[in-house]
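Asks: Shown below is the structure under consideration.
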Amino acid sequence: MTTSERWAWVRGLYETHREGLARFLIELGSEPSTVEDLISETFIRAWEVAGQYQLRSSESTWLFGIALNVARNQRAKEQRHRLLRRLFFRPEPTVPVPSAQVEARSRLGAVLRAVHALPTALREAYVVRVLEEQPLKEASVLLGVPVSTVAERAARAEALVRAAVAKEEA
């Protein structure tokens, strides 16, 4: 693949999948303020490894797999930074945000909180299968686990999310 062909291919992927990637990253728990940077990082990595793309999965599964790894790496980096801040700096005071109080009353807020509270493996399965509605086979390839594991994790996650939302609404 020539450089101009690779550029055209990645640009087409960007135009087709940018909005879906943004939604996917937010659903995985990425901060909305970092989503554009994560999307950029996803497409930089896609550009770098475009020549390695094989037809074992769809382009979207391949691209979302890159985004998943970018989000995982960002989450790990943020955890390291939080630990360092706790070790070396005084914690910053928290200020309640009115928009967060409004969101807390909405069902969407309850669902997102429940999803973000899930363990990572369950959250990823829930986002890919339930929120993004990926077929089991595609989800299996994306998450790198057997189909049965994806199905089991998504079902467990869905039950936990329903219970958390019901509890919050009660």
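The values are calculated or read from the model by the stated rules, or taken from the named source; none is laboratory data. All figures in this text were calculated on a predicted structure; none of them were measured in a lab. With ideal geometry, Cβ positions are generated from the backbone for all residues, glycine too; neighbour counts draw on all protein chains shown. These area figures cover heavy atoms from the full protein model, side chains too; ligands, DNA and RNA do not enter into them. Shrake-Rupley method; radii C 1.70, N 1.55, O 1.52, S 1.80 Å.
Asks: Tell me, which residue of the stretch 7-45 that is assigned to a loop (DSSP other than H, G, I, E, B) and open to solvent by 20 Å² or more (accessible area, probe 1.4 Å) is farthest from LEU118 (Cα to Cα)?
Replies: Going through the qualifying residues, I end up with GLU31.
Asks: A further question on this structure: Write out, first by first residue and then by second, each pair whose Cβ atoms fall under 7 Å of each other, whose residues are 6+ apart or on separate chains, and whose first residue, in the stretch 144-161, is in contact (Cβ under 8 Å) with a residue 24 or more places away in the chain while the second is of a type outside the set (Gly, Ala, Ser) and open to solvent by 40 Å² or more (accessible area, probe 1.4 Å).
Replies: VAL150/ARG129; VAL150/LEU136; ALA154/ARG129; ALA154/VAL130; GLU158/VAL130
Asks: Further question: Pick out the one residue from GLN101, GLN74, GLN79 that is within 25 Å of ASP37 (Cβ to Cβ) and either part of a loop (DSSP other than H, G, I, E, B) or modelled with pLDDT under 80 (or both).
Replies: Step by step, each of GLN101, GLN74, GLN79 is checked, and only GLN79 is within 25 Å of ASP37 (Cβ to Cβ) and either part of a loop (DSSP other than H, G, I, E, B) or modelled with pLDDT under 80 (or both).
Asks: Follow-up question, since we're still on this one. Only residues in the stretch 49-78 that are in contact (Cβ under 8 Å) with a residue 24 or more places away in the chain and among the polar types (S, T, N, Q) count as the first member; pair them with residues that are in a loop (DSSP other than H, G, I, E, B) and open to solvent by less than 50 Å² (accessible area, probe 1.4 Å), Cβ under 7 angstrom, at least 6 apart or cross-chain, and list the lot.
Replies: Going by the 7 Å Cβ cut-off, the qualifying pairs are GLN74/SER30.
Matching residues to (1) open to solvent by less than 70 Å² (accessible area, probe 1.4 Å); (2) among the β-branched types (Val, Ile, Thr); (3) in contact with a Lys or Arg (Cβ under 7 Å, 6 or more places away or on another chain):
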site	(1), (2), (3)
VAL128	yes, yes, no
ALA139	yes, no, yes
LEU143	yes, no, no
VAL150	yes, yes, yes
ARG156	no, no, no
